[in-house]
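The values are calculated or read from the model by the stated rules, or taken from the named source; none is laboratory data. Everything numeric in this text was worked out from a predicted model, so none of it was measured. No Cβ is skipped: glycine too gets one built from the backbone with ideal geometry, and neighbour counts run over all protein chains shown. Keep in mind that these areas ignore ligands, DNA and RNA; they rest on the heavy atoms of the full protein, side chains included. Shrake-Rupley method; radii C 1.70, N 1.55, O 1.52, S 1.80 Å.
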Amino acid sequence: MREHPAAASAPPPARCPFGGDGERDGAAPYVSYARMDELHELARPRTDSPRELTFILISHVKEILFRAIHVELDQARTAIRQDRISVACGHLERATRSQQALLASWEVLSAMAPDEFLEFREILGEASGTQSFMYRVLEFAMGNKDPDTVRAWKADMERYPMLRAELAAPSIYDEAIRYLARQGAKLPTDLLERDVTRRHEPHPLVEQAWLEVYRDPAGRPLDHRLAEALSDVSFRFSVWRSTHLLVVERMLGSKSGTGGTTGLAWLRTINEHRFFPELWSTRTLL
């Protein structure tokens, strides 16, 4: 086979500073299997600040954990659809473990003094964590499909098939509501067959269905476990958001956020949102 001219003139691949050679020849099995040399090579700070490297590494950790949580939520959703509630709850409980690790990532960033962050903040430009498509996939899977948000992500729907698929799929909460209907809850057809590309809006009959579960935990142990497992996921997501708000305030004060966001004002707004809203409002009725 003749070599392409461009390939002949291309420089040899740079060696990974962590000991890999790009093809992982001779690497330890652990490094080779998980491509650890390539993983470390991804962190490429643009300044000399060691805090920038930390910022990039923790950003990578958060992205990976978003995916780990989505894996569990997706499997839980499938299990709920199949009425395998014990299996679903196992996946949800594993998701909360990853959420705890995700929450701990803020501890690393909160140790960064504001002057240290300002050493490299300017080079972020328009970059913002709100642009993470994996974070948006996770929100879609949990049912937060706000039309304004979807419009803002329209250009990315073709780029990220997973994002497009999640927009079109019922959320895990949609599947939980349908499960309640299969268990005898009196829920209207238009709710069960609603447009799943839009955010679920609180409904009094869904609230009533969960209330009946909570009033009979001994008689409906699996349904009660599902309600609490979903509540745990929602609770930890809210803690994540509130911690995000506090860390940003500690590092930036009232400055505008990156990527054109309004910083604290925007974070305070999203802090008011709750996933699976009837599971929260039912507490008032007990």
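Fraction of C-alpha pairs exceeding 16 angstrom in the range 29-77: 56 percent, rounded to a whole number.
Before I look further, what does the chain give for accessible area per residue, probe 1.4 Å, in whole square angstrom?
Numbers: 15970 Å² over 286 residues.
Averaged over the residues of the chain, the accessible area is 56 Å².
Computed over the chain with a Gaussian network model linking Cα atoms closer than 10 Å, the most mobile of Gly129, Gly90, Gly184 is Gly184. Surface composition of the chain: carbon and sulfur make up 55 percent of the accessible area, probe 1.4 Å.
Between rounded, prolate and oblate, where does the range 147-286 land on the alpha carbon gyration tensor, with a ≥ b ≥ c its root eigenvalues, rounded for a/c under 1.5, else prolate if a/b exceeds b/c? Cα axes put the range 147-286 in the oblate bin. Accessible surface for Phe235 stands near 110 Å², nearest 10, in the context of the full protein assembly shown (1.4 Å probe).
Among all stretches of the chain without exposed GluC sites (Glu not before Pro) (DSSP loop, at most 12 other Cβ atoms within 10 Å), which one is longest? Result for the longest clean stretch: 24-125. The modelled label-to-label distance for the pair Arg241/His273, using points 7 Å beyond Cα in the direction of Cβ, is 0.6 nm.
Tell me whether the range 150-216 comes out rounded, prolate or oblate; compute the Cα gyration tensor, take square roots of the eigenvalues as a ≥ b ≥ c, and use a/c under 1.5 as the rounded threshold. Taking the square roots of the gyration eigenvalues as a ≥ b ≥ c, the range 150-216 is prolate. GNM on the chain, alpha-carbon springs under 10 angstrom: the most fluctuating residue among Leu138, Leu42, Leu118 is Leu42. Counting Lys and Arg as +1 and Asp and Glu as -1 over every other residue whose Cβ lies under 10 Å from the Cβ of Ala209, the net charge comes to -3. Full extension of the chain between Asp216 and Leu42 gives 57.5 nm of extra length, using 0.36 nm per residue less the Cα-Cα distance. Taking Thr269, Thr96, Thr197 and ordering them by how much accessible surface each has at a 1.4 Å probe, largest first, produces Thr269, Thr197, Thr96.
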